[in-house]
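Asks: Pasting a structure below so you can have a look.
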Amino acid sequence: MIDEKTKEEYNIGDSDTVSAQYVIDISIVLGLGEVLTAILLAIGKIIVLFGEKYVEASEVIENVKNRNYDYYKAAIKNSILYIGPAIDYSEAYMRVYNWLDVFCKYEIKAKNLADSVAKNYLTFGGYVYGPEIHGSMPNYFYHYHIYMNKDTKIPAHIFYLLY
């Protein structure tokens, strides 16, 4: 990848996937320029969590559709979904397993991720719930949940785009 302003190159290897060791900044991945990133940050459309930028989902959903990444960190703050840096499947799996949110580009990716994590809870009766949505788009997105058993839902959401 090449930063359009500085012309600095970022080599992420020969693979089409993102390495779990190298999380790519959301503003780079989604092609947000430095000025646009600063404006979105100033008006509250970008939040910073643990030193990483997360952009309000409604602001970048078209960019996500047009990028080659399948998984992104995600977070909910004040009932607003934010999309963070691109990640690979392994990191997406670990985030959900550790009760953190993920955003997937495709429903099948979200369902497969949910199924894989739920298998770890089968001893307790684990299963996938969903998809569901708690409002209307573009501010709300379909997602899956995982239940450890019939009484215990893990707080992670596995959101996805609806094409």
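The values are calculated or read from the model by the stated rules, or taken from the named source; none is laboratory data. The structure presented is a predicted model; accordingly, all values stated were derived computationally and were not measured. Glycine also receives a Cβ, built like all others from the backbone with ideal geometry; neighbour counts cover every protein chain displayed. With ligands, DNA and RNA removed, areas are computed over all heavy atoms of the protein, side chains included. Shrake-Rupley method; radii C 1.70, N 1.55, O 1.52, S 1.80 Å.
Asks: Restricting to the range 75-91, and then to whatever is of a type in the set (S, T, N, Q) and free of Cβ contacts under 8 Å to residues at least 60 places away in the same chain, can you tell me which residue is most open to solvent (accessible area, probe 1.4 Å)?
Replies: Filtering first and then ranking leaves ASN78.
Asks: Check off (1) closer than 27 Å to ASN112 by Cβ; (2) more than 13 Å from the chain's Cα centre (by Cα); (3) modelled with pLDDT under 50 for ASN98 and give me the number that stays unchecked.
Replies: (3)
Asks: Turning to a different aspect of this structure: Can you report the number of residues in the range 108-163 which are within 25 Å of GLU56 (Cβ to Cβ), out of contact with any His (no Cβ under 9 Å at 6 or more places or on another chain), open to solvent by less than 50 Å² (accessible area, probe 1.4 Å) and of a type in the set (Gly, Ala, Ser)?
Replies: 1
Asks: With respect to GLY31, is the statement that it is at pLDDT below 50, on the phi > 0 side of the Ramachandran plot and either out of contact with any strand residue (DSSP E or B) (no Cβ under 9 Å at 6 or more places or on another chain) or part of a loop (DSSP other than H, G, I, E, B) (or both) true?
Replies: The answer is no for GLY31.
Asks: What is the one condition in (1) modelled with pLDDT under 95; (2) surrounded by 20 or more Cβ atoms within 10 Å (Cβ to Cβ) that ASP70 does not satisfy?
Replies: Exception for ASP70: condition (1).
Rundown of residues vs (1) within 20 Å of the chain's Cα centre (by Cα); (2) free of Cβ contacts under 8 Å to residues at least 12 places away in the same chain, yes/no style:
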| residue | (1), (2) |
| --- | --- |
| ALA110 | yes, no |
| ALA114 | yes, no |
| TYR121 | no, no |
| GLY125 | no, no |
| ASN139 | yes, no |
| TYR142 | yes, no |
| ASP151 | no, yes |
| ILE158 | yes, no |
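Asks: Any residue at all in the range 84-93 that is within 25 Å of GLU52 (Cβ to Cβ) and of a type in the set (Asp, Glu)?
Replies: Yes, the range 84-93 has at least one match.
Asks: To continue, here is another question. Would you confirm, using the coordinates I've provided, whether MET94 is touching a helix residue (DSSP H, G or I) at 6+ places or on another chain (Cβ under 8 Å) and surrounded by fewer than 21 Cβ atoms within 10 Å (Cβ to Cβ)?
Replies: no
Asks: Let me ask you something else. Need pairs with beta-carbon distance below 8 Å; first residue without any contact (Cβ under 8 Å) to a residue 60 or more places away in the chain and within the range 51-67, second among the acidic types (Asp, Glu) and open to solvent by less than 70 Å² (accessible area, probe 1.4 Å); sequence gap 6+ or separate chains.
Replies: Pairs found: GLU52/ASP25; LYS53/ASP25.
Asks: How many residues, within the range 97-107, are among the aliphatic types (A, V, I, L, M) and either more than 24 Å from ASP151 (Cα to Cα) or open to solvent by 60 Å² or more (accessible area, probe 1.4 Å) (or both)?
Replies: 1
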